[in-house]
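Engineer: Supplied in structure tokens, the structure appears directly below.
The values are calculated or read from the model by the stated rules, or taken from the named source; none is laboratory data. Everything numeric in this text was worked out from a predicted model, so none of it was measured. FYI the Cβ positions are ideal-geometry reconstructions off the backbone, even for glycines, and counts take in every protein chain you see. With ligands, DNA and RNA removed, areas are computed over all heavy atoms of the protein, side chains included. Shrake-Rupley method; radii C 1.70, N 1.55, O 1.52, S 1.80 Å.
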Amino acid sequence: MADLRAELVVLGGGPGGYTAAFRAADLGLRVALIDRSPTLGGVCLNVGCIPSKALLHAARVIEDARAMAEHGIRFGEPAIDAARLREWKDSVVARLTSGLDALARQRKLTVIRGEAKFASAHEIEVVADGSARRVSFAQCVIAVGSEPVRLPGMPDDPRIIDSTGALELDLPDSLLVVGGGIIGLEMATVYDALGVRVSVAELTPGLMPGCDRDLVRPLEKRIARRYERILTGTRVTGVEATPEGLRVSFEGERAPEPQHYGKVLVAVGRVPNGRRVNAEAAGLAVGERGFIAVDRQMRTSVPHIYAIGDVVGQPMLAHKATHEGKVAAEAAAGLKSFFDARVIPSVAYTDPEVAWVGLTETDAKAQGVAYEKAVFPWSASGRSLALGRDEGLTKLLFDPESHRVLGAGIVGSNAGDLIAEAALAIEMGADAADLALTIHPHPTLSETVAMAAEAFEGTLTDLYLPKRKGTAQRG
């Protein structure tokens, strides 16, 4: 006999999970939300998106203050109080998690803390503090997220950390970031601003794999002047824990001799938690890599069980999970909802930020997709120059026949905020004229999107472009 019965059980209290639970409750379902963490919000809110962005804001303040020295405003070198900075970061998280608790109470959700595993297709066992209870359900949403990949052969040493450990801000004199993807580069941005000597080792030929090289180049140029080493095409072959530090060995064309570091941050990706919930007991098949297959309603092979977020596949992004959570909740409530997003934007909150959405040039060339592009350099943007950051660019890709927007990439200050306009343009089927003829406020960074469209249309006056479509190119 079950200790609790619910119409819908949601496994996991991250962005996708709590969104699904809240939406289902709003639709009248009796919902139980099970999470192993003492606070709702999952990785993103507690040890991911939110705390890292708080620290990136602190890093941005430091860098902006330093940059003004050559323009006539000089500040003293910052005195870093890591404990107080950590307390502020934690207060931001606490404010949001307490808000989620209030929203759960307002919706009369039953929130259960503990490690959950399927006992059958309609029952879950939850273990907490050594005791177990059973929860039965009519329907279920699996939203158990992912966890950092652990490299084999690493010694058991507290100086080897993952992204969660990096947020604790126990600052070493030197840090090696293993993995040149978004997570690793964001934490490298924070530690560099806080005075740590940073090196990055990335196995692939370039930083931020999956992103067009022209978007990554301004970031690479900036950090090449700041970081101790950037080792692309380099494998970490061994880490030895010594009293003097972590002795790291490398392999590759540009590999240096073994180096010592105060800490090593391993940020080589994330693996889904599909195998953690004993899904087979519910009749579910979990793929070799830990993913669970779903249809467009987020429904698994077991019709009354849904899955969302990191556990259903790439991209592993919170904003994808929240949309999937709403679809799953609405489908569970009997609505004809489907996940039909045309595009999902990606953002690296580095300095400068890098953001892209839709078709990339890299994918277009690999797939043989015809496209034309237009680029507006931020060196011609009054707002960018006024900010003292003219290294950015805005790039748009268009269908050669219809001129509809296929993709966009932006590198520069606040690129993550700016990319939303391009995402909306693609979702709405907008073409170059729609963007170019929309009056954007001046002077802003957002007008670089319109100016890139004007470059494609041949109406741009802020640059002299002899050809009708400026920098437009056919892929």
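Engineer: Cross-link candidates for Lys373: which lysines have Cα within less than 18 Å, leaving aside residues fewer than 8 places away along the same chain?
Structural biologist: Lys365, Lys395, Lys467, Lys469
Engineer: From Cα pairs below 8 angstrom and at least 6 apart in sequence, can you work out the relative contact order of segment 376-423, rounded to a whole percent?
Structural biologist: With pairs under 8 Å counted, the relative contact order is 28 percent.
Engineer: A further question follows. Please work through the chain and write down the cysteines that have no neighbouring cysteine Cβ at a distance under 4.7 Å.
Structural biologist: When partners are defined as cysteine Cβ atoms under 4.7 Å apart, the chain leaves Cys140, Cys211 without one.
Engineer: Which order do peptides 367-379, 42-54 fall in by mean Cβ count within 10 Å, highest first? Walk me through the numbers on the way to the answer.
Structural biologist: On the way: 367-379: 18.2, 42-54: 21.5.
The peptides rank, most packed first, as 42-54, 367-379.
Engineer: Another question, then. For a quick check: with amide H placed at 1.01 Å from N, whose amide H comes under 5 Å from Val177's, ignoring anything fewer than 5 positions away on the same chain?
Structural biologist: Under 5 Å from the amide H of Val177: Ser199, Val200, Ala201, Leu265.
Engineer: Shifting gears a bit: Can you compute the radius of gyration and Dmax for segment 265-356, using only the Cα atoms, both in Å?
Structural biologist: Calculated on Cα positions, Rg and Dmax stand at 14.9, 47 Å.
Engineer: Taking H placed 1.01 Å from N in the peptide plane, check which residues at least 5 places from Ser146 or on another chain put their amide H under 5 Å from its amide H.
Structural biologist: Asn273
Engineer: Also, quick follow-up: Quick one: 3J(HN,Hα) in Hz for segment 35-49, Karplus 6.51/-1.76/1.60 with θ = phi - 60°, rounded, Gly and Pro as x.
Structural biologist: Values, residue by residue: 9, 7, 8, x, 10, 6, x, x, 4, 4, 7, 7, 9, x, 3 Hz.
Engineer: Quick one: net charge of Ser146's neighbours, Cβ under 13 Å, K/R +1, D/E -1?
Structural biologist: Neighbourhood net charge equals +3.
Engineer: Now a separate question. By its C-alpha gyration tensor, with a ≥ b ≥ c as the square roots of the eigenvalues, how is segment 86-176 shaped: rounded for a/c under 1.5, else prolate for a/b larger than b/c, else oblate?
Structural biologist: Oblate.
Engineer: Can you tell me the relative contact order of the chain? Whole percent, Cα pairs under 8 Å, sequence separation 6 or more.
Structural biologist: 14 percent
Engineer: While we're looking at this one, here's another question. Could you tally the net charge around Asp81, taking each other residue with its Cβ under 15 Å from the Cβ of Asp81, Lys/Arg +1 and Asp/Glu -1?
Structural biologist: Surrounding charge for Asp81 is -2.
Engineer: Once you have a ≥ b ≥ c as the square roots of the Cα gyration tensor eigenvalues for segment 403-469, tell me rounded if a/c is under 1.5, and otherwise prolate or oblate according to whether a/b is larger than b/c.
Structural biologist: Details: a/c = 1.72, a/b = 1.19, b/c = 1.44.
Taking the square roots of the gyration eigenvalues as a ≥ b ≥ c, segment 403-469 is oblate.
Engineer: Now a separate question. Would you mind counting up the charge near Lys221? Only other residues with Cβ under 13 Å from its Cβ, with Lys and Arg at +1 and Asp and Glu at -1.
Structural biologist: +1
Engineer: I've got another one for you. Does the chain come out rounded, prolate or oblate by the C-alpha gyration tensor, with a ≥ b ≥ c the root eigenvalues, rounded set by a/c under 1.5 and, if not, prolate when a/b is larger than b/c and oblate if not?
Structural biologist: Because a/c hits 1.5 or more and a/b fails to exceed b/c, the chain counts as oblate.
Engineer: What is the log10 of I(q)/I(0) for segment 77-135, computed with the Debye formula using one identical point scatterer on each Cα and no solvent, at q = 0.27, 0.28, 0.30 Å⁻¹?
Structural biologist: Debye curve over Cα of segment 77-135, log10 I(q)/I(0) at q = 0.27, 0.28, 0.30 Å⁻¹: -1.00, -1.02, -1.07.
Engineer: Show me 209-215, 434-440 ranked by packing, highest mean number of other Cβ atoms within 10 Å first.
Structural biologist: In descending order of packing, they fall as 209-215, 434-440.
Engineer: Hey, what does the equivalent ellipsoid look like for segment 278-332, semi-axes from the Cα gyration tensor as sqrt of 5 times each eigenvalue, largest first, whole Å?
Structural biologist: They are 18, 15, 7 Å, listed largest first.
Engineer: Taking amide H atoms as placed 1.01 Å from N in the peptide plane, list the residues 5 or more away in sequence, or in a different chain, whose amide H sits under 5 Å from that of Gly407.
Structural biologist: Amide H neighbours of Gly407, under 5 Å, 5+ apart: Leu359, Leu397.
Engineer: Write down Rg/Rh for segment 298-403, rounded to two decimals, with Rg from the C-alpha atoms and Rh from the Kirkwood relation over Cα pairs.
Structural biologist: Over the Cα atoms of segment 298-403, Rg/Rh equals 1.11.
Engineer: Spelling out what I want: for every residue of segment 236-252, take phi, set θ = phi - 60°, compute 6.51 cos²θ - 1.76 cosθ + 1.60 (Karplus), and round to whole Hz; glycine and proline get x.
Structural biologist: In residue order, the calculated couplings are 7, 9, x, 10, 10, 7, 10, x, 7, x, 8, 8, 10, 9, 10, 9, x Hz.
Engineer: Continuing with this model, one more query. Would you mind working out the accessible area per residue for segment 1-152, using a 1.4 Å probe, and quoting it in Å²?
Structural biologist: 51 Å²
Engineer: Whole percent per 10 Å bin, from 0 to the bin with the longest distance: what is P(r) over all C-alpha pairs of segment 85-244?
Structural biologist: Once binned at 10 Å, the Cα pair distances of segment 85-244 give 8, 26, 26, 21, 16, 3.
Engineer: Just to check I understand the Karplus step: with θ = phi - 60° and J = 6.51 cos²θ - 1.76 cosθ + 1.60, what whole-Hz values come out for segment 54-59, glycine and proline as x?
Structural biologist: Values per residue, Gly and Pro as x: 4, 5, 5, 5, 4, 4 Hz.
Engineer: Could you do me a favour and compute the accessible area per residue for segment 350-475, 1.4 Å probe, result in Å²?
Structural biologist: Accessible area per residue: 44 Å².
Engineer: Could you work out [θ]222 nm for the chain from helices alone, using -39500 (n - 2.57) per DSSP H run of at least four and dividing by all its residues? Round to the nearest 500 deg cm²/dmol.
Structural biologist: -9500 deg cm²/dmol
Engineer: Cross-link candidates for Lys326: which lysines have Cα within less than 26 Å, leaving aside residues fewer than 8 places away along the same chain?
Structural biologist: Lys53, Lys108, Lys117, Lys336
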